[in-house]
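Next up is a structure, given as structure tokens.
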Amino acid sequence: MTRIAPQAIASVVGAAASTALGGNPLAGALITKALEQILADRSEELKQLDQVKADTQALVRGPYNTGMDWLEQAAQPYRSIQERDEFICKARDEFVRARGQEQNQYSRALIEYHLGNCWTLLGSNKDAQYWFQRAHKSAIEYLRESVLRAKWYELRPELGVGDAAGSPPPPLSLPIGLALTSAKAVGGVVLAGAGAVVPGLQGPGAGLVKWAAHDVAYRRSYRAYRQSKKEFREEARPALHLIDALEQLRYQASGLALEFEEPSPAQGSLEEWVKGR
């Protein structure tokens with residue numbers, strides 16, 4: 001679980017400009033704390049990038065990683081205010097480069113989040129607002145793309161289940177299937193359907209064969225549905241944590257005046273959010 005904790009960044013919001021931050025020893029201490037928190041999250045972010053079903057190696061090895069290295073340099077306690085701001089600017093520029101090269105929406109969201117962090121540390125809340133809002137939009141788009149390519153989402157109409165379904169029984173239980181094969185009133189209908197699937201099959205057993213084949217296919221599809229849904233939740237988890245961090249910033253850092261275009265799904269209500277996609 002990511003620690004992408006916005007509290008340290010939220011504590012910096014309120015200073016008007018980089019010069020104002022530099023002239024305030026308390027604000028300088030808050031910036032140092034925020035940098036330390038960002039760097040502490042770095043290893044966790046790398047783990048989460050591994051969960052994303054995309055080639056993220058170029059992101060890790062490229063300008064994104066270089067940007068994090070510059071932030072690490074900025075966090076050194078012996079840096080002057082001017083040096084610290086210079087290194088944060090270098091990190092910001094690398095994140096801009098990384099974003100231009102990245103196609104995966106979650107990776108873009110993470111980069112945009114760090115661009116928001118950089119601008120906050122440099123005292124520009126307006127620029128930070130833009131990038132935090134972009135990060136939210138990219139994370140939502142990542143979730144939407146994950147839903148559309150997920151096998152479980154395609155299987156729902158076939159299985160006749162809802163988004164929050166538990167473990168529904170097969171269409172017909174064995175006793176009902178046996179009853180249908182022996183019931184004369186319904187047998188003709190069942191056998192007529194079975195004859196089209198299994199040519200030449202006659203008698204009450206034909207209905208049972210049709211039922212059994214349907215039951216096996218249903219159970220196979222439902223297993224695929226459950227496995228695919230589990231994979232989707234794992235893939236969605238990093239984006240959900242990032243969205244949660246942005247929501248915390250929205251409430252804790254009123255100076256950013258964050259407004260998101262779409263509502264945020266929560267960990268426990270992901271299926272409810274999917275219903276509206």
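Among the residues of segment 71-78, is any modelled with pLDDT under 90, closer than 30 Å to Lys230 by Cβ, assigned to a loop (DSSP other than H, G, I, E, B) and not small (Gly, Ala, Ser)?
No.
Say we look at segment 81-137 and pick out the residues that are polar (S, T, N, Q), crowded, with 24+ Cβ neighbours inside 10 Å and within 19 Å of Leu240 (Cα to Cα); which of these is modelled with the lowest pLDDT?
First pass over segment 81-137, keeping only residues polar (S, T, N, Q): 82, 101, 103-105, 107, 117, 120, 124-125, 129, 133.
The next check asks that each one be crowded, with 24+ Cβ neighbours inside 10 Å; those that pass are 107, 117, 120.
Still in the list and also within 19 Å of Leu240 (Cα to Cα): 107, 117.
Details: Ser107: 88, Asn117: 92.
Filtering segment 81-137 for residues that are polar (S, T, N, Q), crowded, with 24+ Cβ neighbours inside 10 Å and within 19 Å of Leu240 (Cα to Cα), the one modelled with the lowest pLDDT comes out as Ser107.
Would segment 33-49 turn up any residue that is surrounded by fewer than 19 Cβ atoms within 10 Å (Cβ to Cβ), within 16 Å of Glu94 (Cα to Cα) and at pLDDT below 60?
No.
The values are calculated or read from the model by the stated rules, or taken from the named source; none is laboratory data. The shown structure was predicted, so the numbers you read here are calculated from the model rather than taken from an experiment. FYI the Cβ positions are ideal-geometry reconstructions off the backbone, even for glycines, and counts take in every protein chain you see.
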